[in-house]
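Scroll down for the structure; my scribbles are underneath it.
The values are calculated or read from the model by the stated rules, or taken from the named source; none is laboratory data. Keep in mind it's a predicted model, so treat the numbers as computed, not measured. No Cβ is skipped: glycine too gets one built from the backbone with ideal geometry, and neighbour counts run over all protein chains shown.
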């Protein structure tokens, strides 16, 4: 039992340290269900894209969520932004 508690604590520290608490599958599903209403993936890969930082990506996801009236929770915004970052933007997560 003690090993389980230690392992759970280490996992929690790893998630906190790496910022990998979101579920990529959930972020992907939210993008596929909502973001493709307005655009395809080409908006994420174009050479003149407006998003140039990870905080900027989070802000843009929030703006889109509000424009579509989705009422997502903060963790859903994070999951979408993290999914988009992992698959398209590749911004460094360290400040």
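Within the range 76-95, count every residue that is more than 18 Å from residue 44 (Cα to Cα) and exposed (fewer than 14 other Cβ atoms within 10 Å of the Cβ). Quick ask: steps written out before the conclusion?
In the first step, residues of the range 76-95 are kept if they are more than 18 Å from residue 44 (Cα to Cα); the result is 76, 94-95.
After this cut, where a residue has to be exposed (fewer than 14 other Cβ atoms within 10 Å of the Cβ) as well, the list is 94-95.
Residues that pass the stated criteria total 2.
Against the conditions (1) modelled with pLDDT under 95; (2) closer than 20 Å to residue 24 by Cβ, residue 85 satisfies every one except (1). Among the residues of the range 40-51, the ones that are loosely packed, with under 14 Cβ neighbours inside 10 Å and within 20 Å of residue 26 (Cβ to Cβ) come to 1 in all.
Any residue at all in the range 20-27 that's modelled with pLDDT of 90 or more, surrounded by 11 or more Cβ atoms within 10 Å (Cβ to Cβ) and assigned to a helix (DSSP H, G or I)? So far as the range 20-27 goes, yes, one or more of its residues are modelled with pLDDT of 90 or more, surrounded by 11 or more Cβ atoms within 10 Å (Cβ to Cβ) and assigned to a helix (DSSP H, G or I). Considering only the range 52-70, I want to know if a residue exists there that is assigned to a loop (DSSP other than H, G, I, E, B), at pLDDT below 95 and either surrounded by 11 or more Cβ atoms within 10 Å (Cβ to Cβ) or under 11 Å from the mean Cα position of the chain (by Cα) (or both). Looking for residues that are assigned to a loop (DSSP other than H, G, I, E, B), at pLDDT below 95 and either surrounded by 11 or more Cβ atoms within 10 Å (Cβ to Cβ) or under 11 Å from the mean Cα position of the chain (by Cα) (or both), one finds none in the range 52-70, hence no.
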